[in-house]
Amino acid sequence: MNPGIIAITGASGLLGSALCARLAASGWRVRALSRARPASLPRGSTHHACDLPGSIDESAFEGAHAVIHAAYSMRSRGREEDRRTNLDGSARVLHLARRAKARFVFVSSVSAHDAAQGFYGQSKLAVEHTLDPERDLIIRPGLILSKEAGLFARMRRTISTTGLAPLFGGGRQIIQTIHLDDLTLAFQRALELDLTGTLTVCEPTGLTIRDLFLLTARLERRPLRIVPLPFGPAIAALRLAESLRLRLPVSSDNLLGLRSMRLTDPVESLRRLGITPRDAATSLADLLADAPRGGAAP
Ligand SMILES: NC(=O)c1ccc[n+]([C@@H]2O[C@H](COP(=O)([O-])OP(=O)(O)OC[C@H]3O[C@@H](n4cnc5c(N)ncnc54)[C@H](OP(=O)(O)O)[C@@H]3O)[C@@H](O)[C@H]2O)c1
């Protein structure tokens, strides 16, 4: 597909803003959809209001060749609101993409599988099931590694401010990561090649979450104390905190997702895309290269 008009939801977020930047730089005319107007938009892009599920500027879809649906609410006030935003909201964006006859690209996750225990993975899979593999594209990224935001950035801040790594269930779960730049390249390639179906975009091997913490601390030259926590009581405590509307860096749903994490094979997807993403060690070395150092090496 040649670059044309593309509508991107979640344009204020980590991935959405990076997609707006990459696709605008490669010739797409970007329509950025988000609740609040992002602080900066790439040259030539326009902003359109989008508060899912109900309020959406439909003019963003007129004449669009492709729609990337990256918006997702991970921290809302309750399950019913989560359903409305992520399930009804996705159905609404899909309807508008269909009406515009645009290629629909859904940002799913490697957490979307039949054995997913958390609402996150289950809701991603539920949306996938509403799509047509012959005409739509589903991209399932691994854990996005980025300096600015996201789970990894929060994990890194915890290490650098407290020197502690909370490890749930022994930290043996395998995490497959993807550098933000490699992921946005994958979207660009998928659009250029007009791909449909499901693409898994992450490093093939992955590493345990324990090793991800240790590697981050080593590159940051921070001493690290591992704090082992069992899943069951941690999930119960987080549910209690959530019922009291307390906001913590991790949610019970994050832990359910982590507990049901499984190794996935991206090799065929990467071959279709013609990309070789960095592994976690190479991504971290890149992202932490100019990080301020503190503490002694562990
Ligand atoms: N980060 C990862 O490691 C990772 C891995 C795999 C898949 N993904 C997927 O990638 C996509 C983007 O994730 P991200 O890491 O960029 O998350 P993010 O930074 O939290 O961005 C989420 C975006 O969704 C928007 N949003 C939330 N609720 C909304 C609502 N009710 N109406 C309209 N927009 C709403 C947010 O807007 P506001 O700024 O207004 O809140 C934000 O722009 C998600 O679909 C996520 O599931 C992420």
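A short reminder: the numbers here are calculations on the coordinates, not readings from a lab. Everything numeric here is computed off the predicted structure, so don't read it as measured data. Every residue, glycine as well, gets a Cβ built from its backbone with ideal geometry; the counts of neighbours run over all protein chains shown.
Rounded to two decimals, what ratio of Rg to Rh does the range 87-158 give with C-alpha atoms and a Kirkwood Rh?
Radius of gyration relative to Kirkwood radius: 1.05.
Rounded to two decimals, what ratio of Rg to Rh does the range 1-94 give with C-alpha atoms and a Kirkwood Rh?
Working: Rg = 12.9 Å, Rh = 13.3 Å.
That ratio equals 0.97.
Once amide H atoms are built 1.01 Å from N in the peptide plane, which residues 5 or more positions from Thr198, or in another chain, come under 5 Å H to H?
Ile138
Can you divide the C-alpha Rg of the range 40-86 by 2.2 N^0.38 Å and report the result to two decimal places?
Working: Rg = 13.0 Å, N = 47, 2.2 N^0.38 = 9.5 Å.
The value comes to 1.37.
Can you compute the FRET efficiency between Thr205 and Ala285 using 1/(1 + (r/R0)^6), with r the Cβ-Cβ distance and R0 = 25 Å? Round to the nearest 0.05.
About 0.95, to the nearest 0.05.
For q values of 0.17 Å⁻¹, compute log₁₀ I(q)/I(0) with the Debye formula on a Cα-only model of the range 179-291, without solvent.
For the range 179-291 at q = 0.17 Å⁻¹, log10 I(q)/I(0) is -1.02.
Please give the length that would be gained between Arg225 and His113 if that part of the chain were fully extended, namely 0.36 nm times their separation in residues minus their C-alpha to C-alpha distance (nm, one decimal).
Contour length minus Cα-Cα distance gives 37.1 nm.
Arrange Glu134, Glu203, Glu220 by Cβ neighbour counts within 10 Å, fewest through most, would you?
With the sparsest Cβ surroundings first, the list reads Glu134, Glu220, Glu203.
Please list the non-local residues whose amide H lies under 5 Å from the amide H of Leu145, H modeled 1.01 Å from N, same-chain partners needing a gap of 5 or more.
Residues meeting the criterion, in which the H sits 1.01 Å from N, are Ile178, His179, Leu180.
Restricting the count to DSSP beta bridges whose residues both fall in the range 9-135, what percent are antiparallel, rounded to a multiple of 5?
Among the beta bridges of the range 9-135, antiparallel pairing accounts for roughly 15 percent.
Would you calculate, for the chain, the mean residue ellipticity at 222 nm contributed by helices, counting each DSSP H stretch of 4 or more residues as -39,500 (n - 2.57) and dividing by all residues, to the nearest 500?
-11000 deg cm²/dmol
For Lys147 and Leu246, what is the calculated FRET efficiency with R₀ set at 22 Å and r taken between the beta-carbons, to the nearest 0.05?
0.20
Give the relative contact order (percent, whole number) for the chain; include only Cα pairs under 8 Å separated by 6+ residues.
Averaging sequence separation for qualifying contacts and normalising by length gives 17 percent for the chain.
Calculate the FRET efficiency for Thr162 and Asp132 from the Cβ-Cβ distance with a Förster distance of 41 Å, rounded to the nearest 0.05.
Result of the calculation: an efficiency of 0.30.
Would you kindly state how much longer the chain becomes between Arg172 and Ser26 on full extension, computed as 0.36 nm times their sequence separation minus their alpha carbon distance, in nm to one decimal? Display every interim value, and only then the final one.
Values: separation 146, 0.36 × 146 = 52.56 nm, distance 3.96 nm.
Taking Arg172 through Ser26 to full extension adds about 48.6 nm, to one decimal.
Modelling each spin label as a point 7 Å along the Cα-to-Cβ direction, I'd like the Glu81/Glu192 distance in nm, to one decimal.
4.1 nm
Dividing the Cα convex hull volume of the range 85-236 by residue count, how many Å³ per residue is that?
Per-residue hull volume (Cα only) is 136 Å³.
Please report the Cα spread of the chain along all three principal axes, rounded to whole Å, starting with the longest.
Between the extreme Cα coordinates on each principal axis of the chain lie 55, 40, 37 Å.
HN-Hα J couplings of the range 30-37 from phi, Karplus 6.51/-1.76/1.60, θ = phi - 60°, integer Hz, Gly and Pro as x?
8, 10, 8, 9, 6, 5, 9, 5
Using Cα pairs under 8 angstrom and six or more residues apart, how large is the relative contact order of the range 110-160, in percent? Could you put the intermediate results ahead of the total?
Values: 31 pairs, mean separation 11.7, N = 51.
Reported as a whole number, the value is 23 percent.
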